[in-house]
1. With the condition kept exactly as written, say whether any residue in the range 134-151 is assigned to a helix (DSSP H, G or I) and closer than 22 Å to residue 77 by Cβ.
2. For the range 159-179, does any single residue satisfy the condition of being in contact with a helix residue (DSSP H, G or I) (Cβ under 7 Å, 6 or more places away or on another chain) and in a loop (DSSP other than H, G, I, E, B)?
3. Residues of the range 68-103 being surrounded by 14 or more Cβ atoms within 10 Å (Cβ to Cβ), without any contact (Cβ under 8 Å) to a residue 60 or more places away in the chain and not in a helix (DSSP H, G or I), which ones?
């Protein structure tokens, strides 16, 4: 793996961590903001290495002069390829994650629509789609994003990201009892000594302490 690709992968990593900026997670952040940041961090795994394995050409990356933005070039190549292979679910998943990590959530929405067409019963696809749609709309998880999450929950009642996000959606509309109920269901699904469990217990305690 070339130094140029390593630098590109590092850029994707930083983009994936952008939702956890001080603006979201600082001392003055609202519970809604820092819970959304945690959820995004869980739902936006790095796709750089997979993109490289799927599309990368070491000889092309090392050639002089290098492209101005190799990551954008790889994503564009993937998007073009998918126009000819619309049933490539793995490719659409990679494209959606890449757009998110590049700070282009609106461009990820058509990829999620394709993924739902190919895998309508996948709760992970539905929960990721819900988060991205909420980001684009800028109006929280209420409405269509929450409807997607409810569909995911019916498919997989123990799906941790879905339960965590539904708790945040309930808290947004002021239903603290429902929020705590969803988060307690998360605790039943994860190891009690895990970081997720610790974060959820902290969330419950803060809501109960209001």
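1. no
2. So far as the range 159-179 goes, yes, one or more of its residues are in contact with a helix residue (DSSP H, G or I) (Cβ under 7 Å, 6 or more places away or on another chain) and in a loop (DSSP other than H, G, I, E, B).
3. Selection gives 88 alone.
No value in this document is a laboratory result; all are computed from the given coordinates. Predicted model only: the values in this text are computed from it and were never measured. FYI the Cβ positions are ideal-geometry reconstructions off the backbone, even for glycines, and counts take in every protein chain you see.
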